[in-house]
Amino acid sequence: MKRTGGFTLAEVAVTIVIVGIGMLLVLQGLNTAKMTAAQTRNSKLSRDLALMTLGQVASGQFQEDIENGLTGTYAEEGYPQFSYEVIVGDQTFDTDTGREGTFDTWQHQREVAEERQSAREREADKKEEDPQEREEPYEKVKIRVTFLPKIRVGEIELKNELVLEEWMPWKQVYGEKEEEGTPPASEGAPAAGAPAGTGAGK
């Protein structure tokens, strides 16, 4: 019996398997490229937002609150999935990187407050031990920007935070501090238009 032209069932099955494997590899490559592009975008945006916040600190917008640290999100800028935390001096960031969500829970706020209080007490003790130590003209300001969701490429979980550090003039960070014992300008000075001294009674 003469064989007619065409493919056998086995040949068709092998071809389908090969094409399917090729398509799977192409789709995995596209997904990896998409995830990498999203990670690059988030990292660049985190840096831009961090630099913006550092600029606000340098301009003196947070002088009243900076000593206790700052936390918040960039929801007003249109990026609610990005949160930030600012610390100064020798303070350290929370090392619990497995926490999901932003840094605005009561538990986190208590932990941060306790840690910063301990850091201030250590710094105060250090200054008491060394009375010659003076305030530095510059202060170290660090910011950590965290973004969600975390991106995973294969078995690798990409980093979802960015930390920047900058030294700023002390006065820009905390503002001018009044010297102790210096009376206000209104005390001990004659008011404008008033005579320099009190005359004798007529």
All but one of (1) modelled with pLDDT under 90; (2) among the polar types (S, T, N, Q); (3) over 30 Å from residue 171 (Cβ atoms) hold for residue 42; state the number of the condition that does not hold.
(1)
Going residue by residue through the stretch 152-160, is there one that turns out to be modelled with pLDDT of 50 or more and under 30 Å from residue 138 (Cα atoms)?
yes
Please go through the stretch 1-51 and give me each residue that is within 20 Å of residue 161 (Cα to Cα) and of a type in the set (Ser, Thr, Tyr), ordered by number.
32, 36, 40, 43, 46
Yes or no: the stretch 76-98 includes at least one residue that is at pLDDT 60 or above, among the acidic types (Asp, Glu), loosely packed, with under 10 Cβ neighbours inside 10 Å and closer than 30 Å to residue 48 by Cβ.
yes
Residue count, the stretch 51-63 (criterion: without any contact (Cβ under 8 Å) to a residue 12 or more places away in the chain and within 14 Å of residue 176 (Cα to Cα)):
1
Would you check which residues across the stretch 44-75 are crowded, with 17+ Cβ neighbours inside 10 Å, of a type in the set (Gly, Ala, Ser) and either more than 12 Å from the chain's Cα centre (by Cα) or in a helix (DSSP H, G or I) (or both) and list them?
46, 50
Are any of the residues in the stretch 19-41 within 22 Å of residue 156 (Cα to Cα), hydrophobic (A, V, I, L, M, F, W, C) and in contact (Cβ under 8 Å) with a residue 40 or more places away in the chain?
yes
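The values are calculated or read from the model by the stated rules, or taken from the named source; none is laboratory data. These numbers come from a predicted model, not from an experiment. Methodologically, a virtual Cβ is constructed for each residue, glycine included, from the backbone with ideal geometry; neighbour enumeration extends over all protein chains shown.
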